[in-house]
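Reading through the structure tokens given below for one structure.
The values are calculated or read from the model by the stated rules, or taken from the named source; none is laboratory data. Bear in mind the structure is a predicted one, so any value in this text is a computation, not a measurement. Note that each Cβ is placed from the backbone with ideal geometry, even for glycine, and that neighbours are counted across all protein chains shown. SASA here: full protein model, heavy atoms, side chains in, ligands and nucleic acids out. Shrake-Rupley method; radii C 1.70, N 1.55, O 1.52, S 1.80 Å.
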Amino acid sequence: TLKFLPLFLVALMLSGCGKEGVSALKPEGDVAKEQASLMLVSLLIMVVVVLVVGFLFTYAIIKYRKRPGQEDYIPKQVEGNKKLELTWTIIPIILLCILAVPTITKTFALSDNNASKKSDVLKIKVTGHQFWWQFDYPDQKITTAQDLYIPVGKKVEFDITSKDLIHAFWVPALGGKQDANPGQTTHLWLKADKEGTYKGRCAELCGSSHALMYFNVKAVSNDEFKNWVKDMKAGTKSSPNKPETASAKQGEEIFKNNCMSCHAVGDKGGQIGPNLTNFADRENIGGFEKHTKGEVKKWIKDPESIKPGAKMPKFDKKLSDDQINALADYLFTLSVKQ
Ligand code: CUA
């Protein structure tokens, strides 16, 4: 039964590949397509090498095996063979050259953020934090977190950095990945062909919640993107999201007194935690749990119960259940959707 173990392991690994929007083998944009084709070329070359070596190996052990009744003897010893040695040196060199050309060209093309005219591209600054992502749109002057909005069919250029330690920005279906290093800016551009939500991941081990450092990329139509920017900017000027209920109004006061030193809504508030301007529109609390009021309350009480290592302090002792309830009511008014 043990001999099926490798097969079983491969099946197990492949079963993780089909997950919606997280496969580098199901490219949905130019960059991801190039990268997938590069993977296929490498795979093809590797398969040929494995087949040839496997064949020679099997041939040799069958042909030169000890046959029944054969006496023990030491075969003829061969030392040095110029022809053979040249062959097995030159063939790998050729294979490496074949691989190197597209790999190097594509690596440079991918990190080139200045090739196109400014009007054709959208610039986004990405900052990795333990354990969440900040997205600044310098030309639009808006900031958001966790859910990254981009227009379909447009080249998006990312300037990537980190606030604390090394993270890596990766959207498997669109391409990447690129390290986010503190005190340094790395570059990457991506493009989405189709509207949809693509899953993003941190691809560099960065602490206890590395595996939970998710984000969403929302590729929307050009018009939808323009509207989103407009609404986010309106949120920047003054709060467009008027809390209607008494509870939400109370929550707004609690937010101002307890949360605003770290979290901003629009351009008012601190920059330590994620900007919450469109908090209610987000899909996942903390990046991965379902975005429900219950989960949000659980998060406020004890963030580490959801995301170990999260920097936000617990509020279960500082605020009463009623206050946390009001705060959650307020947070769910923070929407820029009409
Ligand atoms: Cu950030 Cu792993």
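Values computed for the structure shown
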{"quantity": "ILE300 vs. criteria at pLDDT below 90 and under 21 Å from HIS129 (Cα atoms)", "calculated": "no"}
{"quantity": "Selection status of LEU165, within 16 Å of the ligand (Cβ to nearest atom), farther than 23 Å from ASN275 by Cα and not in a strand (DSSP E or B)", "calculated": "no"}
{"quantity": "Listing of helices (runs of 4 or more DSSP H) fully contained in region 292-336 that carry 3 or more residues being in the same structural domain as ASN258 (by TED's automatic domain parsing) and open to solvent by less than 60 Å² (accessible area, probe 1.4 Å)", "calculated": "293-301, 321-331"}
{"quantity": "Pair list, Cβ under 7 Å, 6 or more apart: region 42-53 residue closer than 22 Å to VAL101 by Cα, other residue open to solvent by less than 70 Å² (accessible area, probe 1.4 Å)", "calculated": "SER42/LEU99; ILE45/LEU95; ILE45/LEU99"}
{"quantity": "Spans of strands (runs of 3 or more DSSP E) in region 171-231 with at least 1 residues outside the structural domain of GLU157 (by TED's automatic domain parsing)", "calculated": "none"}
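Condition check ((1) of a type in the set (Gly, Ala, Ser); (2) crowded, with 22+ Cβ neighbours inside 10 Å; (3) free of Cβ contacts under 8 Å to residues at least 12 places away in the same chain) across all residues:
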| site | (1), (2), (3) |
| --- | --- |
| ILE166 | no, no, no |
| PHE169 | no, yes, no |
| GLY175 | yes, yes, no |
| THR185 | no, no, no |
| LYS199 | no, no, no |
